[in-house]
Amino acid sequence: MNTAQQQKTTEKQTVRISGSVAILEALVAEGVDVIFGIPGGASIAIYDALYDYGEKLKHILVRHEQAAIHAAQGYARTSGKVGLALATSGPGATNLITGIADAMIDSTPVVCITGQVFAHLLGTDAFQETDIINISSPITKWNYQVTEAAEIPGVLAKAFYIAKSGRPGPVLIDITKNAQLELFDYKGYTKCNHIRSYRPKPVIREKYIEQAAELINKAERPMVIWGQGVILGGAEKEFKAFIEKAGIPSAWTILGAGAVSNDHPLNVGMLGMHGNYAPNLLTNECDVLIAIGMRFDDRVTGRLDRYALQAKVVHLDIDPAEIDKNVKSTVGVWGDCKETLPMLTALIQEKVYDDWLGMFRRFYLEELERVVITELNPLSGEISMGEVIRHLNSLTKGEAIVVSDVGQHQMITCRYTKFNKSRSNVTSGGLGTMGFALPAAIGAKYGVPERPVVVVAGDGGFQMTLQELGTIMQNKIDIKIIILNNRFLGMIRQWQELFSESRYSFSDIESPDFVALAASYRIEGKCVSERDELSGALEEMFNSKGAFLLEVKVAKENNVFPMVPQGCGVGEIRLS
């Protein structure tokens, strides 16, 4: 605490501090160690106080507020802690909006603190004033405007509790400039662990767990689909115990990747529009579908009126609002899956479904022959995205955190990357935010500094936040950046080819010299376009010290298959 700003006022260890100091005391008490942000006129008092907190709170000066929130997301997704983004009022606050929406749909715990104009100027269209509370209301788990310094400790305690409890999500606290500057009698910081009328975890109803177990025990072709809820609940061990006792084939959404390693015999692959052939197809063949910590996103279900109509559905989720929202469940099990899964595991019978599991293997062999071998091991033509990931796997051996952007490369990365550890796949799942990867990787490196962090981006998405190379340069952040450059907005081009008679309307994109660009930020780089150069270039990247940018010129018009065309059911998945 800044002794120049504090003054003891009573014998009860009450001290007189500013609102800005109270903000930083709250962050320290909550275990925050990194802040991602940019100072501005309405947050300058907080930054002035931060000047004295350098040993406790590391601040990373990003180049755009959107990067601050994505970095906070990457930090939260990899560390399991709450990410922190700090911005000023007006455009600083609104620049957070895309990332807040991204965090909301992907259930990422972040706290955003925004500066605001003086309280007496609210509603006057003062310089850089926006109504960020109303703007952010639909995309935050909670938001609140602070206009008096004395409110700050209690409000921030609630903010952290709400962000990380139950189904996690983003919280925004807007603090007026007078509240930042005011002195008040500070009585210390108390963490929040209860808010009246807020119940982060629903009451577990044992009778529904018993009903679920009965359905599972009677099933002949059961199938598990799991999502990020398993990871958010820290329930990887409980989940693995459940599927191994039940012997049930299990498939994952992209945010669930890594909860069980790719090579587990019951892991039958990725679901969704560009997921694996077998789990998509057999979703419409199973007799009991057990959904755990996932929300039946439309990219997973395809057409709902053709989705798993034959199956009885058991849905386990911490958020009761997700149960019956998109897919009607036969049995809904409310609760934290770390608690409900052991209860369910205790009631199910130990089984083996050799014939049923064999169907997944047969369909996978068909996909292997028609898609996977060609994508991962092309013998001629231009470099494929898949072979880059194959080489990456051989170097990282499933130990790296891989942060992908959005587009074709994202689907290829999620499909083919080997994940041996949980919290290793960081990508924008629900919102599909291009430009997510580079800043999220910055946050991921601070979240888990001991692990290698690799960005896989397309040439289009990378150009949306490439200014963050400056953040990497200034802070000497050791992340490896791979740009898969196909000279197109690839997923748009694929859709245009397949569904618009190859009318490539504004999807071809010209890029700068990425290696020269990296050099201008004093970041080492290389560009390859020949197959025999690829493996050596990747090794050079991983052997380099510090950040490295590798541009790989890949085939211009390769498509990502399998694919469930939009408007089709998962049973209509195509291999070509």
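Roughly what angle does helix 19-29 make with the longest principal axis of the chain, taking Cα atoms, 0 to 90 degrees, to the nearest 10?
Helix 19-29 sits at roughly 40 degrees to that axis.
Which pairs in the list Lys141/Lys328; Lys81/Lys141; Lys218/Lys338; Lys191/Lys325 are over 22 Å apart, alpha-carbon to alpha-carbon?
Check vs 22 Å cut-off fails for Lys141/Lys328; Lys218/Lys338; Lys191/Lys325.
Positive end of the charge dipole of the chain (Lys, Arg +1 and Asp, Glu -1 on Cβ, about the Cα centre): tell me which of Pro138, Thr330, Phe488 has its Cα farthest that way.
Towards the positive end, the residue furthest out is Thr330.
Aspartates and glutamates within cross-link reach of Lys201: Cα-Cα under 13 Å, excluding same-chain residues under 8 positions apart?
Within the straight-line limit of under 13 Å, Lys201 reaches these aspartates and glutamates: Asp317, Asp319, Asp336, Glu339.
Grab the Cα-Cα distance for Ser137 and Glu572, subtract it from 0.36 nm times how many residues apart they are, and report the gain in nm with one decimal.
Residue separation times 0.36 nm, minus the Cα-Cα distance, leaves 152.8 nm.
Using a 1.4 angstrom probe, figure out how much accessible area the chain has per residue, in square angstrom, rounded to the nearest whole.
40
In debye, nearest 20, what is the charge dipole magnitude of the chain about its Cα centre with +1 on Lys and Arg Cβ and -1 on Asp and Glu Cβ, if you could check?
1080
Among 48-54, 387-393, what's the highest-first ranking by average C-beta atoms within 10 angstrom per residue?
387-393, 48-54
What's the angle, to the nearest 10 degrees (0 to 90), between helix 490-499's Cα axis and the longest principal axis of the chain?
40
Leaving out ligands, DNA and RNA, and with a 1.4 Å probe, what % of the accessible surface on the chain is carbon or sulfur?
The nonpolar share, carbon plus sulfur, comes to 50 percent.
I'd like the orientation of helix 65-79 relative to the chain: the angle between its Cα long axis and the longest Cα principal axis, in ° from 0 to 90, rounded to 10.
Once rounded, one gets 60 degrees.
Given a Förster distance of 56 angstrom, what is the FRET efficiency for Asn217 paired with Glu540, based on the Cβ-Cβ distance and rounded to 0.05?
According to the calculation, E is roughly 0.55.
Express in Å², to the nearest 10, the accessible area of Tyr521 obtained by rolling a 1.4 Å probe over the protein heavy atoms while all chains stay in place.
Tyr521 has an accessible surface of roughly 50 Å² with all protein chains in place.
Under 12 Å between alpha carbons, and skipping anything fewer than 8 positions from Lys445 in its own chain: which aspartates and glutamates qualify?
Candidates past the 8-residue exclusion: Asp478.
Go through Ile254, Gly293, Leu344 and say which Cα lies farthest out towards the positive end of the charge dipole of the chain; charges sit on Cβ, +1 for Lys and Arg, -1 for Asp and Glu.
My answer, from the dipole projection, is Leu344.
State the antiparallel share, in %, of DSSP beta bridges confined to the chain, rounding to the nearest 5.
15
I'd like the accessible area for Ile477, computed on protein heavy atoms only with a 1.4 Å probe and all protein chains in place. Round to 10 Å², please.
10
Please work out how much length the chain gains when fully extended from Ser197 to Glu350, using 0.36 nm per residue of separation minus the C-alpha to C-alpha distance, in nm with one decimal.
Here the answer is 51.0 nm.
Just grab the label-to-label distance for Thr190 and Thr374, each label 7 Å out from Cα along the Cβ direction, in nm (one decimal).
Rounded to a tenth, the inter-label distance reads 6.6 nm.
Per residue and in Å³, how big is the convex hull formed by the alpha-carbon atoms of region 485-563?
Output value, Cα hull per residue: 110 Å³.
Mind putting a number on the dipole of region 491-542 about its Cα centre? Charges go on the C-beta only, +1 for Lys and Arg and -1 for Asp and Glu, and I need it in Debye to the nearest 20.
With Lys and Arg at +1 and Asp and Glu at -1, about 220 debye.
Report the FRET efficiency, 1/(1 + (r/R0)^6), for Ala241 and Arg531, where r is their Cβ-Cβ distance and R0 is 45 Å, rounded to 0.05.
0.55
The values are calculated or read from the model by the stated rules, or taken from the named source; none is laboratory data. Note that this is a predicted model, so its numbers are computed, not measured. With ideal geometry, Cβ positions are generated from the backbone for all residues, glycine too; neighbour counts draw on all protein chains shown. The accessibility values were calculated without ligands, DNA or RNA, using every heavy atom of the protein model including side chains. Shrake-Rupley method; radii C 1.70, N 1.55, O 1.52, S 1.80 Å.
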